[in-house]
Amino acid sequence: MAKQQEKEKQPVSKTSTLGNDVLAYALAAILFLAPLVPDVKLTRPKLLLLETGLYGILFLWAFRSFYLSKISPRRSMVLLPAAAYVAASTVFYFLSPDKLVALSELKRSLLSFSAFLIAANIAGSARGQYIIITSWLSGALLSALYGILQHTGGVGIVLVPKFERVMSTFGNPIFFAAHLVAALPVALALMLSSKKSYIKLIVSLGIVCGLIALYQTQTRAAFIAFGISVLIFAWLNITSKKIKIISFVSLMVFSALFAFNTKNLWSRQQAHGLIWRDTLVMWSQNPWLGTGPGTFHIYFPKFASEELKNIWPQGEFIVNDAHNEYIQLLSETGIAGFGIFLWLIAAFIVKSLAKIKRARAPDKLMLSGHFSSAAGILVMNIFSVDMRFIISAVFLFILMGLMDSFGEEPAPALNLAPAARFAGMSAVALAGFFVFPAVLKPYIAQKNVAATPDFFDERVLEPAKTINDLEKIAQKYPGQALVYEKIAWVYSKEKNWQKAVENYTKAFELNPKSAGPLNNIGNIYFLTGNRPQAIEFWRRSLKVAPGQLDSRLNLATAYYYNGQLKEAVDELKEVLKADPKNEKAIVMLKQMTE
């Protein structure tokens, strides 16, 4: 019995090596930087850091394991459902007719599973776990301070962008709030478990900053999630039933007072109930396998009720998500995919509660903090889809992995033959060869597209003289369509739309087999706000030359702004079928989901 108690007292295996410690420090560095690196739509430097960093650590860990012939993942009740979750995501991707949009969900599940494996297997020593947690919380504290500064626009000479709803470096108040919900219970556990007064003081100040920043995000789902996570943490660590009841009642009273004092936030019209109802109607059409991963925004407009469209007109607002991760997952992957995800969450809850029950202080406090943080993220996703934001999903799976790393002995190591070791190392290297280019592809595409000069950036030096010279050529050679097309091009540069349309029309009349003039007339109508006419001319252009890509990209853009996302994706499919490396199409797909 004494030996068993001693085993439970040790949170981690004593066989941690220098290699694992190096990887743990690498993970700590990434988690410190993740809250600080800015997140910008499309360019996504924060996500780029996580993707390249986590995959780099994963491949190094796997390569090292094969090299040392130490293939011994930790025994875990969560590993099997987590592996089933990523396997199901892979199967759904290959079965999906909309692979272009399903790819984002596959990337999310693969990166999340990688984060779980890393946290569960390299945070082996108590020192490694401490470094990982404190590094993450240090970054979270600094991001919270930056968020607080955003509320006022800065202090003194320190000036920052001012926002009513602060978002720190996360690009969105909800995503920032989700990160705070994940960090605060762990910080509370660290503060209570630490025996050093200065650490208690620093962490306490960090918690205060985090609470202020959380309030300034004005995110209702985060308020609810944090309150429940605190309640769970208290319930797990308070032994007296009387104190538990008092704590519960006190929290309810405080929550009621808080809700009353912030009633303007709770009265905001969000139409969540209508979206949930319409999403369930969409799910009922494909109950077992759903519409396909990542396809909510494509198919939902077809099921949006008139009541919802009266609040959020489709031509003005795009409903990109269901504002409930579980309902959206059900609608996209049906009972099959949703059931596997529930299995993962249920296994995590059962395993974690059992581990917390067996643990002693200070491990019990830290385990409770991890569990409460994960629970907070899961609760928040009842009212939002923060797990679609890959960074939130990654932190959830890191918390699950850290929970798994406590007190779990590795499985017996497989003694591989030299040939098997070489094959394993080669497979890891080959995987890295394919994964990193795939990870970098959308970022490179965005960089190249952003660097492409705008049509109006390049001006004609002497437009009047150029037009005069071209018109003289047209008089001399009246049957040359290219001359009129060039005249129209110069008029377009000068934003003389009427003359441009007249000359493009003349060019098409002279050469009805040329699709360019029709495409350019569509561009002019789009720029002047006449989308229906623009769409008509782009369609006409495609009838003349079905293989051209410009008109399809233009149609995808117009459909996107009209809220016709299914039609937009269909056009992008055709573009990427003809040109798989088309950077404009790759970037546009990212834009549709962000």
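When ALA558, ALA578 are checked against the criterion of being closer than 30 Å to VAL385 by Cα, within 33 Å of the chain's Cα centre (by Cα), in contact (Cβ under 8 Å) with a residue 12 or more places away in the chain and not assigned by TED's automatic domain parsing to the domain that holds VAL319, ALA558 stands alone in meeting it. Here ILE340 clears all of (1) crowded, with 24+ Cβ neighbours inside 10 Å; (2) assigned to a helix (DSSP H, G or I) except the condition numbered (1).
Would you tally the residues in region 350-377 being of a type in the set (A, V, I, L, M, F, W, C), surrounded by fewer than 19 Cβ atoms within 10 Å (Cβ to Cβ) and either in contact (Cβ under 8 Å) with a residue 12 or more places away in the chain or not assigned by TED's automatic domain parsing to the domain that holds GLY210 (or both)? Residues meeting the conditions: 3.
What number of residues within region 446-495 satisfy the criterion of being part of a helix (DSSP H, G or I) and touching a helix residue (DSSP H, G or I) at 6+ places or on another chain (Cβ under 8 Å)?
Here is the first cut: in region 446-495, the ones part of a helix (DSSP H, G or I) are 446-451, 463-476, 481-493.
Okay, now just the ones that are also touching a helix residue (DSSP H, G or I) at 6+ places or on another chain (Cβ under 8 Å), so 446, 448-449, 463, 466-467, 470-471, 473-474, 481-493.
Residues in region 446-495 being part of a helix (DSSP H, G or I) and touching a helix residue (DSSP H, G or I) at 6+ places or on another chain (Cβ under 8 Å): 23 in total.
Based on this model, can you work out whether LEU142 counts as touching a residue at least 60 places away in the same chain (Cβ under 8 Å), assigned by TED's automatic domain parsing to the domain that holds LEU367, over 30 Å from SER65 (Cα atoms) and surrounded by fewer than 23 Cβ atoms within 10 Å (Cβ to Cβ)? Here the answer is yes, as LEU142 does meet what is asked. Taken over region 184-224, the criterion of being in a loop (DSSP other than H, G, I, E, B) and within 21 Å of HIS151 (Cα to Cα) is satisfied by GLN218, THR219.
Of all the residues in region 317-327, those that are part of a helix (DSSP H, G or I) and free of Cβ contacts under 8 Å to residues at least 60 places away in the same chain number 2. Pairs are defined by a Cβ separation below 7 Å, a sequence spacing of at least 6 or placement on different chains, a first member in region 154-174 that is of a type in the set (D, E, K, R), and a second member that is part of a loop (DSSP other than H, G, I, E, B); the pairs so defined are LYS162/GLY153; ARG165/GLN218.
Among the residues of region 438-453, is any surrounded by 15 or more Cβ atoms within 10 Å (Cβ to Cβ), over 30 Å from THR43 (Cβ atoms) and not assigned by TED's automatic domain parsing to the domain that holds LYS581? Looking for residues that are surrounded by 15 or more Cβ atoms within 10 Å (Cβ to Cβ), over 30 Å from THR43 (Cβ atoms) and not assigned by TED's automatic domain parsing to the domain that holds LYS581, one finds none in region 438-453, hence no.
Matching residues to (1) modelled with pLDDT of 90 or more; (2) buried (at least 21 other Cβ atoms within 10 Å of the Cβ); (3) within 24 Å of LEU353 (Cβ to Cβ):
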{"residue": "LEU31", "(1), (2), (3)": "yes, yes, no"}
{"residue": "LYS46", "(1), (2), (3)": "yes, yes, no"}
{"residue": "LEU50", "(1), (2), (3)": "yes, yes, no"}
{"residue": "GLY56", "(1), (2), (3)": "yes, no, no"}
{"residue": "ALA82", "(1), (2), (3)": "yes, yes, yes"}
{"residue": "LYS99", "(1), (2), (3)": "yes, no, no"}
{"residue": "GLU105", "(1), (2), (3)": "yes, yes, no"}
{"residue": "SER112", "(1), (2), (3)": "yes, yes, yes"}
{"residue": "LEU117", "(1), (2), (3)": "yes, yes, yes"}
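Go through region 263-316 and tell me which helices (runs of 4 or more DSSP H), entirely inside it, have 1 or more residues that are within 24 Å of the chain's Cα centre (by Cα).
Helices (runs of 4 or more DSSP H) meeting the threshold: 272-285, 296-303.
Annotation note: of GLY227, GLY128, the sole residue that is assigned to a helix (DSSP H, G or I), touching an Asp or Glu at 6+ places or on another chain (Cβ under 7 Å) and either within 27 Å of LEU353 (Cα to Cα) or at pLDDT 95 or above (or both) is GLY128.
Restricting attention to region 535-594, the residues that are within 20 Å of PRO442 (Cα to Cα) and outside any helix (DSSP H, G or I) total 6. The residue pairs whose first member lies in region 226-242 and is touching a residue at least 60 places away in the same chain (Cβ under 8 Å) and within 23 Å of GLN216 (Cα to Cα), whose second member is surrounded by 15 or more Cβ atoms within 10 Å (Cβ to Cβ) and of a type in the set (Phe, Trp, Tyr), and whose beta carbons are closer than 6 Å, counting only pairs six or more residues apart or on different chains, do not exist in this structure. Residue-level check: of (1) touching a residue at least 24 places away in the same chain (Cβ under 8 Å); (2) part of a helix (DSSP H, G or I); (3) surrounded by fewer than 22 Cβ atoms within 10 Å (Cβ to Cβ), PHE383 misses just (2).
In this structure, PHE434 does not qualify as buried (at least 21 other Cβ atoms within 10 Å of the Cβ) and in a helix (DSSP H, G or I).
Cβ separations smaller than 8 Å between residues 6+ apart or across chains give the following pairs from region 402-419 residues that are surrounded by 13 or more Cβ atoms within 10 Å (Cβ to Cβ) to residues that are of a type in the set (Phe, Trp, Tyr) and modelled with pLDDT of 65 or more: MET403/PHE348; MET403/PHE371; ASP404/PHE116; LEU416/PHE66.
The values are calculated or read from the model by the stated rules, or taken from the named source; none is laboratory data. Keep in mind that this is a model prediction, so the values were computed, not measured. Positions of Cβ are generated from backbone atoms using ideal geometry, with glycine treated the same way; all protein chains shown enter the neighbour counts.
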